[in-house]
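The values are calculated or read from the model by the stated rules, or taken from the named source; none is laboratory data. Small disclaimer: the values here were computed from a predicted structure and weren't measured. Here the Cβ positions follow ideal geometry from the backbone for every residue, glycine too, while neighbour counts run over all protein chains shown. The accessibility values were calculated without ligands, DNA or RNA, using every heavy atom of the protein model including side chains. Shrake-Rupley method; radii C 1.70, N 1.55, O 1.52, S 1.80 Å.
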Amino acid sequence: METIWIVKTESYKYHRPVEWHQVAVSTGMACEPQAGQIWLTTRAEREQASRGITPVPCSPGPGDSAVIATAGSRTVMEIIRCKALHKLQQPFRSSSPARPGCPPAATVPADTSSSGLCILWCIFLFTNERITKFMSVTSPDGLLEGETSNREISAGDVKPLLKDIVQLTRSVGQLKLRTYQQDVAAAVVRSVILGRGLSLAVMFPRQSGKNELQAQIEAYLLLLLKDYHTEMVKISPTWKPQSLNAMRRLERVLNRNIFTRGLWSKESGYIYRLGNSRIFFLSGSPETNIVGATASVLLEVDEAQDIQIPKFDKDIAPMASSTNATRVFWGTAWTSRTLLARELRSAREAEKIDGIRRAFVITADDVARELPAYGKFVAGQVARLGRSHPMIRTQYYAEEIDAEAGMFPSSRRALMRGSHIPQIQPLPGAMYAIMIDLAGEDEGVSDDLTALQNPLRDLTALTVVEVLTGTLQDPVIQAPTYHVVHRQQWIGVKHSELYGRLKAIIEHWNARHVVVDATGVGAGMASFLAKVLGDRIHPFVFSSSSKSQLGWDFLSICDTGRWKEPAAGEPTAGWDPKLQAEFWQQCEYCEYQVLDGPGKLMRWGVPNGKRHPVTGEILHDDLLISAALCAVLDHQAWLVSSPSVVLQARDVLDDLDKGY
């Protein structure tokens, strides 16, 4: 039976790789108590053969590391045994006398000797009688960016190396997989090779190596299955940029791997081929027509939380139905209604039945244990957005958020409570900004925003905040803190009359920035104010996407403690505590709905027609929307004043006096 040995030698005497030039392999039963005996000698030992130096034999088993005594050094040899698939290309010359009962040794041809201080991997194909093939691969660090000494070698020559994706990726793919990546890679490959047809759910935090791992697995399987007619399919939510990015990433891995470099080809702009194996890249957006593709061994769904479930069930799932291909759902957490969430629940239920791991949920803490720099990055994101922010919970800590729930739970409202008192007059040296939500805001909204809004309101809300710039100096946050100091509300006031009142209030507080709702009829008011007050006015037009982003940004301000409401106090001239109580009511009854899809859109507001459970009065959200407009202020330039410094200039007349 033909077998193959892979021998790696490294010197422990000098703590550096050693160059080996001659290998003697014996397979004769007379001197082979176990699977095989291997001796290693160096060129110097061959030159000193007259001294009678005799290598010491050993009988390593598959996967073992054996200590071999040679002239003047102690060497570790790592052995891997696997099946061989190739026949003799040329016989080897015998260079040393045979031992009793053993076949002649073989000498590596001179043109295949390695050069420099490199680790030498020797791959031997032999029968019970003689060595039939030799090939060496050298590199500065275990085949990293290595070159073969035999330029005619193909990927098929190293197919036996593919028994371990982790080792191959590290050796020839120039990437050391992290522990949490290794578990996923092994599970996917095992399911494909054994034909298990498992459905795996993999949830990684952002920027933790998910896409790189995908490309490594894809390149590995293309090489492993190159002699078989196999097809893999990878689905991404969008063609541009996600599918295009995935293809570029695979190209980079294929070109970096010395066993696939120059052997792959691209067909029709979206198919990658290596030998007889192919992988198809397709878009899973709702409007695409991808019916007809077949995944014979692997079906990948990337960013599965953004793939619509009806699209998957109708067009994508049938691709693997007739082949029982392995299915892998990649992504990050979002809501409990997504495709990824559904498949994760299914994987966990299947695990309970047969004990085979199918669910892989990795958090930022898991990544940080192996990559401290990642932990620092996530800590900065938490400091900027807050640990309870939906994006932090889902994108980094794999925590699903409810698709529909209260937007301001008691824990978030607690972060919004401050200890300062309201004001009716600006304080000397303080800096202020104003946000205005104008009546009739819904008139300009033409999309689905009305599903969560009250379209019948005629309220105008104004919020005055003192802008504290201390947090601008924070290297992570780099944004101001906002203390609410004053509120006003008008009901049923015409815009022509309202214009004068708003202009007077802005001038009274000497507001540095003013954000004005410019949706629909509000565009005229914003234009009038801008003509008088100039670039201090920042119009904001509501749409489904802009209001969604406004909501996400306002949550980050609240969760990082940068929005503070005044402490409760007695009624004073110009300040009505009832207005403050109404603001907290609007927060309590504000709801949000996260939409499926890659846009991460969020509808939020007090639902249309919502009434107070005690008084029965219709609840509005004008005060809340006015407050949320402060998110626009985060994107403005805030110049922090500092004490003046007088620099003494050099007297130019001194230069004129020199030399005279």
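Okay, here's what the table says:
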| read-out | value |
| --- | --- |
| Inter-label distance for residue 532 and residue 239, nm, one decimal - labels placed 7 Å from Cα along Cα-to-Cβ | 5.2 nm |
| With all protein chains modelled, accessible area of residue 307 [1.4 Å, Å²] | 10 Å² |
| Accessible-area order (highest first, 1.4 angstrom probe) of the listed residues 466, 303 | 466, 303 |
| Extension gain, residue 206 back to residue 194 (0.36 nm per residue minus Cα-Cα distance, nm) | 1.3 nm |
| Viscosity 0.890 mPa s, temperature 25 °C, Stokes-Einstein D of the range 489-619 from Kirkwood C-alpha radius, µm²/s | 140 µm²/s |
| J(HN,Hα) series, the range 390-397, from Karplus relation 6.51 cos²θ - 1.76 cosθ + 1.60, nearest Hz, glycine and proline x | x, 5, 5, 4, 7, 6, 10, 10 |
| Exposure of residue 419 as accessible area (Å², to 10), given a probe of 1.4 Å and all protein chains | 110 Å² |
| Over 18 Å (Cα to Cα) - which of 266/314; 163/226; 176/376; 226/266 fall in this group | 266/314; 176/376 |
| Cβ crowding within 10 Å averaged over residues, with 625-634, 592-601, 228-237 ranked highest first | 625-634, 228-237, 592-601 |
| Contact order normalised by residue count of the range 213-276, Cα under 8 Å, 6+ apart, percent | 41 percent |
| Accessible area in square angstrom per residue, the range 238-356, 1.4 angstrom probe | 43 Å² |
| Label-point gap, in nm, between residue 345 and residue 588 - each point 7 angstrom along Cα→Cβ | 3.2 nm |
| Extension reserve of the residue 402-residue 512 stretch, reckoned as 0.36 nm per residue once the Cα distance is removed | 35.8 nm |
| Where a label projected 7 Å from the Cα of residue 369 along Cα→Cβ would reach, residues of the range 173-199 with amide N under 16 Å | 178-184 |
| Modelled label reach - residue 354, point 7 Å along Cα→Cβ, the range 177-201 residues with backbone N closer than 16 Å | 187-201 |
| Computed lengthening from residue 255 to residue 468, 0.36 nm per intervening residue step minus Cα-Cα distance | 71.4 nm |
| Antiparallel bridges, percent of DSSP beta bridges restricted to the range 456-558 (to nearest 5) | 70 percent |
| Carbon and sulfur %, accessible surface of the range 253-350 computed with the full protein complex present, 1.4 Å | 48 percent |
